[in-house]
Protein chains: 2
Amino acid sequence: MTTTPAHPASPRIGLIGVGAMGMAMAQRLRERGHAVWSRDVRPEADVQARAAGITVCASPRELAAATDIVFVIVVNAAQIDEVLFGADGAIHASAGARTVVLCSTIAPQDTVRFAAQLAAHGLACVDAPISGGPVRARAGAMSMMIAAPAATLAPWRTVLADLAEKRFVVGEAIGDAAKAKLVNNLLAGVNLVAGAEALALSAKLGLDPRAMYDLIRASSGASWVFEDRMARALDEDYTPPRAAAHILTKDMGLATALAASVDHATPLGDAALARLRETVARGWAELDDAAVIKTYQQPAR
Amino acid sequence: MTTTPAHPASPRIGLIGVGAMGMAMAQRLRERGHAVWSRDVRPEADVQARAAGITVCASPRELAAATDIVFVIVVNAAQIDEVLFGADGAIHASAGARTVVLCSTIAPQDTVRFAAQLAAHGLACVDAPISGGPVRARAGAMSMMIAAPAATLAPWRTVLADLAEKRFVVGEAIGDAAKAKLVNNLLAGVNLVAGAEALALSAKLGLDPRAMYDLIRASSGASWVFEDRMARALDEDYTPPRAAAHILTKDMGLATALAASVDHATPLGDAALARLRETVARGWAELDDAAVIKTYQQPAR
């Protein structure tokens with residue numbers, strides 16, 4: 001007898017790391033009628049979670065014990081290591097969740113390593129990075145890249161569908177979704193910096209930046225990230241960040257390293273990363289990544 | 001008395017340069033019930049024009065004499081010089097069109113120069129580069145950047161609306177639309193090369209490129225040019241080109257030069273231009289610009 005069935009009809013869902021994306025996902029799951037638990041190191045996240053009807057846990061271990069499936073949406077691999085395998089990590093729960101879904105953008109080799117460590121503790125892993133930003137996540141309209149054995153995924157189809165309108169099952173090999181995510185982010189990062197390069201140029205040429213924003217959105221220069229981020233740049237709306245500059249900088253670093261590992265040159269990725277690193281170095285790491293436009297508006301001496 | 005009213009209810013429309021874009025525009029105008037004349041140096045363009053019910057002219061002069069408004073959609077400033085001011089140029093028509101619409105992507109200073117030369121011959125100029133590609137042009141769904149005095153534009157609102165669903169009046173100063181177009185193309189060029197960089201990387205990582213194409217289209221890496229051009233790259237569909245690599249290379253060169261003229265750094269534009277120049281140098285100038293992906297798939301030794 002167990003109180004946590006393997007394929008529960010009403011799964012208890014845990015989220016570790018309820019920042020902008022994780023909180024939007026948690027709220028979306030609540031809205032879809034799920035019971036949701038959260039764990040975050042920031043007290044303000046707990047306040048927000050409680051207000052949304054989410055049960056707040058004091059540790060990843062406590063969260064894992066109370067739930068059937070755990071989504072991890074922390075910032076990087078070091079944080080995943082801590083929340084899963086640290087002293088109060090999820091693996092130390094004696095009962096509860098048997099499946100861990102890794103949603104953070106990390107290096108594929110880290111995903112593979114975490115999956116092996118989880119397997120050693122009898123836990124299944126889903127490699128499932130996400131894309132689209134908090135607004136889409138809140139509406140269930142984000143996209144999710146998924147790699148995991150079909151048997152691991154089978155019980156969770158409804159939960160994943162509730163979370164992400166667009167789900168791309170890249171394959172069964174853990175790590176392939178992480179690779180797909182980094183490729184996407186490499187491109188999003190270049191499109192973002194290129195958009196900043198173009199919009200800042202418009203102003204220097206004496207063209208109206210808002211008119212140019214509308215023009216480009218309707219022309220061949222249009223991109224999802226241009227439309228999303230340059231709207232913020234026009235308003236100088238960088239705080240609080242919807243996506244902080246240091247996070248994209250980290251993602252782009254992982255993506256260019258991944259490319260280098262297969263001898264693939266990324267001249268555009270490298271150029272975009274250089275601008276993002278400049279953004280971080282000049283003290284704008286915690287601003288929205290749209291603030292990369294400031295490196296063009298206020299060139300370094 | 002004159003047989004060519006200044007604001008004709010049924011204007012006779014001429015197009016000089018009926019390549020992929022010009023022909024699509026001419027066909028669109030025919031479909032909207034306009035009488036259309038064309039001039040092109042390529043005999044195959046004449047065959048196509050006649051099949052579409054377009055009256056073929058033997059010279060720009062003849063075309064200008066027969067029409068009320070002339071659209072110029074040739075490849076570059078040298079060709080504009082020739083078709084307007086050459087021995088058989090449009091300015092030598094003793095009657096006919098009094099308005100010339102420059103749709104080519106050229107340097108803003110050339111647009112300004114052409115407008116001044118036209119004015120010296122009593123002709124009005126509209127600075128009106130276009131964007132979106134032949135498929136959109138054929139459907140009247142392309143976009144048009146427009147700069148001209150309001151009085152110059154007034155008689156032609158219906159014709160312009162028939163041609164371009166999205167019209168952006170950038171201002172009254174001739175040259176400003178040319179600037180806006182180059183800024184847009186700079187961004188489109190970077191987005192294209194970045195898309196190629198990412199899609200070629202997908203293959204090297206062992207990910208399925210078609211699955212990655214679908215994934216990126218629905219994720220934060222999405223862009224108009226990625227969706228359009230990388231579909232061709234997946235099919236290795238580079239001939240005939242819908243937009244030849246040498247044309248985008250020329251546009252990007254103009255755009256980076258324009259940026260340099262106002263001391264605006266374009267590290268991403270420069271990196272994309274280097275890949276496009278490599279595409280041209282390796283013999284792929286006449287292929288579709290999507291063929292820039294070959295520089296990633298077949299790196300130079």
Item to check | Among (1) open to solvent by less than 30 Å² (accessible area, probe 1.4 Å); (2) at pLDDT 95 or above; (3) of a type in the set (Gly, Ala, Ser) - the single one B:Ser220 does not satisfy | outcome: (2)
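Which residues, taken from segment A:252-288, are more than 23 Å from the chain's Cα centre (by Cα), part of a helix (DSSP H, G or I) and facing chain B (nearest Cβ under 7 Å)?
Residues of segment A:252-288 that are more than 23 Å from the chain's Cα centre (by Cα), as a first pass: A:262-265, A:267, A:282.
The next check asks that each one be part of a helix (DSSP H, G or I); those that pass are A:267, A:282.
Residue satisfying the conditions is A:Pro267 alone.
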Next on the checklist: Can you find a residue that is more than 20 Å from A:Met145 (Cβ to Cβ) and either open to solvent by 10 Å² or more (accessible area, probe 1.4 Å) or not assigned by TED's automatic domain parsing to the domain that holds A:Leu153 (or both) anywhere in segment A:21-28?
Outcome noted: yes
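Please verify whether segment A:71-91 includes one or more residues that are open to solvent by less than 30 Å² (accessible area, probe 1.4 Å), in the same structural domain as A:Gln117 (by TED's automatic domain parsing), charged (D, E, K, R) and under 28 Å from A:Gln109 (Cα atoms).
No, segment A:71-91 contains no residue that is open to solvent by less than 30 Å² (accessible area, probe 1.4 Å), in the same structural domain as A:Gln117 (by TED's automatic domain parsing), charged (D, E, K, R) and under 28 Å from A:Gln109 (Cα atoms).
From A:Arg113, A:Arg157, A:Arg98, grab the single residue that is within 29 Å of A:Met252 (Cβ to Cβ) and either open to solvent by 10 Å² or more (accessible area, probe 1.4 Å) or free of Cβ contacts under 8 Å to residues at least 24 places away in the same chain (or both). I'd like the intermediate steps shown before the answer.
Working: A:Arg157 fails: within 29 Å of A:Met252 (Cβ to Cβ); A:Arg98 fails: within 29 Å of A:Met252 (Cβ to Cβ).
The unique qualifying residue is A:Arg113.
Conditions (1) modelled with pLDDT of 95 or more; (2) open to solvent by less than 30 Å² (accessible area, probe 1.4 Å); (3) touching a Phe, Trp or Tyr at 6+ places or on another chain (Cβ under 9 Å), marked per residue:
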| site | (1), (2), (3) |
| --- | --- |
| B:Val183 | yes, yes, no |
| B:Ala198 | yes, yes, yes |
| B:Ala245 | yes, yes, yes |
| B:Thr249 | yes, yes, no |
| B:Ala257 | yes, no, no |
| B:Ala265 | yes, no, yes |
| B:Leu268 | yes, yes, no |
| B:Ala281 | yes, no, no |
| B:Ala291 | yes, yes, yes |
Next on the checklist: Could you list, ordered by first residue, the pairs with Cβ atoms under 7 Å in which the first is in segment B:215-234 and within 24 Å of A:Ala178 (Cβ to Cβ) and the second is hydroxyl-bearing (Ser, Thr, Tyr), at least 6 apart or interchain?
Outcome noted: B:Ala218/A:Ser143; B:Ser219/A:Ser131; B:Ser219/A:Ser143; B:Ser220/A:Ser131; B:Ala222/A:Ser223; B:Ser223/A:Ser223; B:Met230/B:Tyr213; B:Leu234/B:Tyr213
Next on the checklist: Looking at (1) out of contact with any Asp or Glu (no Cβ under 7 Å at 6 or more places or on another chain); (2) within 16 Å of A:Leu215 (Cβ to Cβ); (3) surrounded by fewer than 20 Cβ atoms within 10 Å (Cβ to Cβ), which one does B:Asp162 not meet, given that it meets all the others?
Outcome noted: (2)
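Could you please give the count of residues in segment A:207-247 that are more than 22 Å from B:Phe168 (Cβ to Cβ) and part of a helix (DSSP H, G or I)?
Going residue by residue through segment A:207-247, those that are more than 22 Å from B:Phe168 (Cβ to Cβ) are A:236-247.
Right, trim to part of a helix (DSSP H, G or I) and you get A:245-247.
Total satisfying the criteria: 3.
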Checklist outcome for this item: Counting only helices (runs of 4 or more DSSP H) entirely within segment A:1-114, those with at least 3 residues that are under 28 Å from A:Ala173 (Cα atoms) and more than 17 Å from the chain's Cα centre (by Cα) are A:60-66, A:77-85
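The values are calculated or read from the model by the stated rules, or taken from the named source; none is laboratory data. Predicted, not measured: the structure shown is a model, and the values here were computed from it. Virtual Cβ from ideal backbone geometry, glycine too; neighbours counted across all protein chains shown. Heavy atoms of the whole protein, side chains included, go into the accessibility calculation; ligands, DNA and RNA do not. Shrake-Rupley method; radii C 1.70, N 1.55, O 1.52, S 1.80 Å.
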